[in-house]
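I have placed the structure first, in the form of structure tokens, so that the comments after it can refer back to it.
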Amino acid sequence: MDLGDGIRKALTKITGKALIDESVIKSMLKDIQRALILSDVNIELVYKISKEIEKRALNEKPPIGRSMNEHVSAIVYEELTKIMGEGRKIELKKQTIMVLGLFGSGKTTQIGKISNYLKKRGMSVGVIAADMMRPAAYDQLEQLSKQVGCNFYGKRNANSSDVVKEGLQRLKNDVIIIDTSGRDALDDELTTELKSIEQIAKPDEKILVMSADIGQIAKQQAEEFNKSVGLTGVIITKMDGSGKGGGALTACSVAGIKVVFIGVGEKLDDIEEFNPGKFVGRLLGVPDFEALIEKVKTAMPEGANEIPEEFDIDTFYKQLKAARNMGPLKGLFEMMGMVNVPKDVVEQGEQKMDQYEAIINSMTKAERKNPDLVRKHPSRVTRIANGSGISPSTVKEFITQFGKMKKMYEQLQKNKGMQKNLQRMLKGKGFGF
Ligand code: GDP
Ligand code: MG
């Protein structure tokens, strides 16, 4: 059970109750405590926040127009937001960013994501591969830089300080990001290496990358790195997969180190500025339209936000691609406030998208324009099934589903008001409902 599930379940203790008395509050708090402890939040902090929620819930009168129930939920929201710490934005300016962290924490991947983030906001970015411990680190960063379209500097079998020195001379970008070596733990060797890079680069930002699954150990780790090289912020990665994200976030808050980003997946777009209010809102199942619209905007390929006249499989494919660029379905559902979508529905959805993509890739141009060709010729179904490795029945199902979507699309085109709203939404101008 993740933190969100636990907290929402706890809140059901007060929904629909005519009388919210001490025993109801205590029972809700027990569930909240359990959820926080399972998420590896420090026990003293759990105790402190429970006391605070209890005190406020029992003593404060709800403001006019707010039910007791809503008031207690608001208190839970506010107190949780407080313990999640503070976010900090990376400035869009000329600067050098040094990224540090232990093995496998997600340094190199986040560098790809941050470069992508900055590029989308108009900055030119160059990356330096100064992780000499892992031979594959060079190729991984080079590959990511190609994907993002930023500059790259690296040198094999060299000294990390020299690579940084040369990289800084060569790269003329607004933002330079330096990837560094990891270790299993912060030892003297790593400290020496990082200090030496730090002295050469004099970075504006020194950002520690930690994986959410270390939970409350994040406090100790952040403090150690802070003591040896100094930190300006942290990134908590793998917030999508670990149940201990709450533990890691609160630990950073206790250590007094601000969270710059959270990593929510393996793709380039799977990074979010950390905003504790939004984060807790999502845990509680409150929709996060701002984040959703931001995602839609950045995931849409050029021109894809116009509603085309003709809806054929190519159009559908473009939209499918854009949707996939937006990351895992689970995250999208959560942003829409649909937090209790069953896991198998999410997984089935992902699987279906994979299958549809494979089917479309095996269709000819003529078939994409006119899917009826497939419906009418069983030999085409067989060919597509063989080509895509998807069963003939699924191929037929796709053609039928597509027919339904096309109908819906045509209805939408007739409905001008709805269409305007959709376009406004895709352009990030908010809903006009
Ligand atoms: P490094 O050793 O610190 O440079 O770590 P890498 O960047 O190579 O990442 C280690 C692994 O974590 C890779 O398999 C990444 O795909 C994965 N990873 C990185 N960030 C995230 C994230 O936010 N979520 C998930 N699920 N995986 C991530
Ligand atoms: Mg790496």
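Read-outs throughout are calculated quantities, based only on the coordinates presented, and are distinct from any laboratory measurement. All values derive from a computational prediction rather than experimental measurement. Note that each Cβ is placed from the backbone with ideal geometry, even for glycine, and that neighbours are counted across all protein chains shown.
Key figures for this structure:
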{"item": "Reach of Lys82 by Cα under 20 Å, taken over aspartates and glutamates that are not fewer than 8 positions away in the same chain", "result": "Asp2, Asp5, Asp31, Asp40, Glu44, Glu52, Glu54, Glu60, Glu70, Glu272, Glu273, Asp288"}
{"item": "Förster radius 60 Å - calculated FRET efficiency between Ile64 and Lys321, Cβ distance, rounded to 0.05", "result": "0.75"}
{"item": "Euclidean distance of C-alpha centroids, the stretch 1-35 and the stretch 234-275, integer Å", "result": "25 Å"}
{"item": "Separation in nanometres of the label points that stand 7 Å from Cα toward Cβ, at Val286 and Ser379", "result": "6.2 nm"}
{"item": "Cα-based Kirkwood hydrodynamic radius, the chain, one decimal, Å", "result": "24.3 Å"}
{"item": "Partner aspartates and glutamates for Lys352 [C-alpha distance under 18 Å; skip if fewer than 8 residues away on the same chain]", "result": "Asp314, Asp344, Glu397"}
{"item": "Violating pairs (Cα-Cα greater than 23 angstrom) within the set Lys295/Lys365; Lys321/Lys407; Lys155/Lys227; Lys51/Lys258", "result": "Lys295/Lys365; Lys155/Lys227; Lys51/Lys258"}
{"item": "5 angstrom amide H check on Ile271, placed H, neighbours 5+ away", "result": "Val264"}
{"item": "Local net charge near Glu397, Cβ-Cβ under 13 Å (Lys/Arg +1, Asp/Glu -1)", "result": "+4"}
{"item": "GNM result for the chain, Cα springs below 10 Å: residue of Thr81, Thr298, Thr192 fluctuating most strongly", "result": "Thr192"}
{"item": "Local electrostatic count, Asp204, Cβ distance below 14 Å [Lys/Arg +1, Asp/Glu -1]", "result": "+2"}
{"item": "Mean separation of Cα contacts under 8 Å, 6 or more apart, over the residue count of the chain: relative contact order %", "result": "15 percent"}
{"item": "J(HN,Hα) series, the stretch 136-143, from Karplus relation 6.51 cos²θ - 1.76 cosθ + 1.60, nearest Hz, glycine and proline x", "result": "6, 4, 4, 4, 4, 6, 4, 4"}
{"item": "Virtual spin-label span in nm between Lys17 and Gln411, 7 Å along Cα→Cβ", "result": "4.3 nm"}
{"item": "Built amide H within the under 5 Å cut-off of Gly233, gap 5+", "result": "Lys206, Leu208"}
{"item": "Of Leu283, Leu373, Leu190, the one that fluctuates the most in a GNM where the chain has Cα springs shorter than 10 Å", "result": "Leu373"}
{"item": "5 angstrom amide H check on Ile177, placed H, neighbours 5+ away", "result": "Ile97, Gly126, Val127, Ile128"}
{"item": "For the chain, calculated [θ]222 nm from helices alone, where every DSSP H run of n ≥ 4 adds -39500 (n - 2.57)", "result": "-18000 deg cm²/dmol"}
{"item": "Ranked packing of 133-143, 34-44, most packed first, by mean Cβ within 10 Å", "result": "34-44, 133-143"}
{"item": "Sequence of Phe402, Phe274 once ranked by neighbouring C-beta atoms within 10 Å, starting from the fewest", "result": "Phe402, Phe274"}
{"item": "Proxy reagent accessibility, fewest Cβ within 10 Å first, across Asp312, Asp288", "result": "Asp312, Asp288"}
{"item": "Most to least packed among 102-114, 144-156, 244-256, 6-18 [average Cβ atoms within 10 Å]", "result": "244-256, 102-114, 144-156, 6-18"}
{"item": "For the stretch 3-83, the spread of Cα positions along each principal axis, largest first, Å", "result": "36, 20, 20"}
{"item": "Nearest-0.05 FRET efficiency for Asp372 and Ile37, computed from C-beta distance (R0 45 Å)", "result": "0.20"}
{"item": "Neighbour-count order for Ile384, Ile217, Ile178, fewest beta carbons within 10 angstrom listed first", "result": "Ile217, Ile384, Ile178"}
{"item": "The chain: most fluctuating residue of Glu54, Glu70, Glu273 per GNM, C-alpha cutoff 10 Å", "result": "Glu70"}
